[in-house]
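Some notes on the structure that comes next.
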Amino acid sequence: MTRLPETDFPNSDLTAPPCPHFEECGSCQLQHITEEKYRAWKEGQVRDLIASNGLAPKEWLPAVFVSKGTRRRATFTVKRDTEKITLGFNKYHSHEIVEISSCEILSPRLEKLIGILPTAMEGLVHKGTSLDVMVQEADNDLLDCVITGLDETGARQTGQIARLAEACDFARVSFRKDTFAVPVTQVRMVALKKTSGALNVEVPAGAFLQPSKEGEAALVGAVMSALSSRKLGKKDKIADLFSGCGTFAGHILERYSVHAVEGERQMAETLAEAAKGNARFSAEWRDLFKEPVSTRELRDYSAVVFDPPRAGAKEQCQKLSKSSVPLIIGVSCNPATFARDAKILTAGGYKFKTAQMVDQFTWSTHSEIVGVFEKE
Ligand SMILES: C[S@@+](CC[C@H](N)C(=O)[O-])C[C@H]1O[C@@H](n2cnc3c(N)ncnc32)[C@H](O)[C@@H]1O
């Protein structure tokens with residue numbers, strides 16, 4: 001049973017969940033209510049959380065809801081108990097695996113893998129073990145696959161990896177021992193690229209991409225619209241903190257100058273390579289938890305965009321709150337840490353201008369939020 005107490009609704013709000021794995025699989029908790037109720041509930045949760053933190057944005061912009069069937073990134077667990085290989089997702093807050101035969105939220109390309117991966121992984125997953133298989137779509141729908149739990153690269157493996165890549169149409173397959181290890185590429189058919197506005201970068205194995213193209217477009221749209229509310233030109237420098245592969249930086253670069261900061265070395269290096277010879281673009285590898293951009297460094301920027309992981313950007317917001325950067329745009333996949341960080345900014349004199357919910361985690365209890373802050 002994955003349904004949460006707070007997601008129990010009166011009969012009038014209920015509908016038949018479209019997925020046969022609902023209530024077992026931990027990915028979706030909200031398929032059992034009508035679309036109208038779902039949207040109202042989800043937006044209400046985010047608004048209530050912001051209000052309960054004593055925050056009051058001047059305006060809530062219309063929420064964006066990303067369609068089902070668009071998720072371009074998934075981590076499947078492929079498991080072998082005895083002879084049989086099964087594929088599934090975790091139960092809600094559990095290590096137990098629920099075998100799945102279909103998934104409503106995945107893109108058609110990823111959903112198709114559910115039927116192919118168990119057989120294709122035959123030689124790689126051993127009895128009594130399980131492997132996490134992360135797959136994501138780069139440009140031109142090319143598939144990147146990172147298998148966690150494997151680091152062998154013997155000759156026997158090589159044939160099996162090639163068969164896996166062929167059966168699943170993977171453009172690249174990498175292994176990593178555990179989630180902390182850097183993936184080591186085993187097979188690469190072609191370079192995996194990601195275009196974001198003016199940037200076209202080679203995506204490192206397992207790099208962060210927004211979970212859906214629609215969600216990415218909504219977040220980029222929100223960031224660019226906030227920036228265009230100010231009179232800024234090509235010489236104005238914008239900081240893109242927690243930049244990933246440059247999802248925002250590439251679009252910012254089309255109109256302004258940009259400095260991207262990213263804590264994962266491979267992504268930062270990819271951006272630094274793209275920045276070579278470009279006077280309006282620079283990139284830096286930096287741990288923003290340990291070494292946030294200082295208030296003094298922040299003097300260089302006309303605006304700052306930050307998009308941290310779920311833990312938020314407390315240390316960076318402490319520096320930002322003391323700065324005189326006129327415009328700050330926060331993007332977050334965790335409204336709770338966002339609220340904490342927003343309180344730091346408002347305590348430092350920033351006005352909370354707009355907030356917007358972007359729902360790219362369809363049917364889950366997770367939401368994304370974009371907040372715009374200004375200081376006169
Ligand atoms: C939610 S993602 C956003 C990435 C990017 N803005 C995008 O939209 O694709 C958060 C990013 O923060 C990076 N990150 C995590 N911890 C970090 C840290 N301590 N310092 C700097 N970057 C970090 C991650 O590697 C990841 O790329």
Work from the charge dipole of the chain (Cβ charges, +1 for Lys and Arg, -1 for Asp and Glu, about the Cα centre) and give the residue of Ala138, Pro62, Leu227 farthest towards its positive end. Leu227
If I take every Cα pair under 8 Å that is 6 or more residues apart in segment 104-255, average their sequence separation and divide by the length, what percent do I get for the relative contact order? 19 percent
Rounded to the nearest 5, the percent of antiparallel DSSP beta bridges in the chain equals 60 percent
Rounded, prolate or oblate, given the Cα gyration tensor of segment 224-376, with a/c below 1.5 counting as rounded? rounded
Based on the alpha-carbon gyration tensor of the chain and its eigenvalue square roots a ≥ b ≥ c, which shape applies: rounded if a/c is under 1.5, prolate if not and a/b is larger than b/c, or oblate? oblate
Strictly over 20 Å apart at the Cα level, which of Lys231/Lys353; Lys322/Lys343; Lys79/Lys193; Lys194/Lys235 would you flag in this model? Lys79/Lys193; Lys194/Lys235
Quick one: among Gly44, Gly244, Gly215, which has the greatest mean-square fluctuation in a GNM of the chain with alpha-carbon springs under 10 angstrom? Gly44
Relative contact order (percent) for segment 73-191, with alpha-carbon contacts under 8 angstrom and 6 or more residues of separation? 22 percent
So what is the relative contact order of segment 199-306, in percent, for Cα pairs below 8 Å that sit 6 or more residues apart? 30 percent
In the Gaussian network model of the chain, springs joining C-alpha atoms below 10 Å, which of Lys290, Lys213, Lys234 carries the largest mean-square fluctuation? Lys290
Please work out how much length the chain gains when fully extended from Asn200 to Ala311, using 0.36 nm per residue of separation minus the C-alpha to C-alpha distance, in nm with one decimal. 37.1 nm
Say the cut-off is 32 Å between C-alpha atoms; which of Lys42/Lys276; Lys58/Lys276; Lys213/Lys234 go over it? Lys42/Lys276; Lys58/Lys276
Which value in deg cm²/dmol, rounded to the nearest 500, describes the helix-derived mean residue ellipticity at 222 nm for the chain, given -39,500 (n - 2.57) per DSSP H run of n ≥ 4 and division by the residue count? -8000 deg cm²/dmol
Given a Förster distance of 45 Å, report the FRET efficiency between Val187 and Arg230 from their Cβ-Cβ distance, rounded to the nearest 0.05. 0.45
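Values quoted throughout were computed directly from the atomic coordinates according to the rules given, and no laboratory measurement underlies them. In this text, all values refer to a predicted model and were calculated from it rather than measured experimentally. Please note: Cβ atoms are built from the backbone with ideal geometry, for glycine as well, and neighbour counts cover all protein chains shown.
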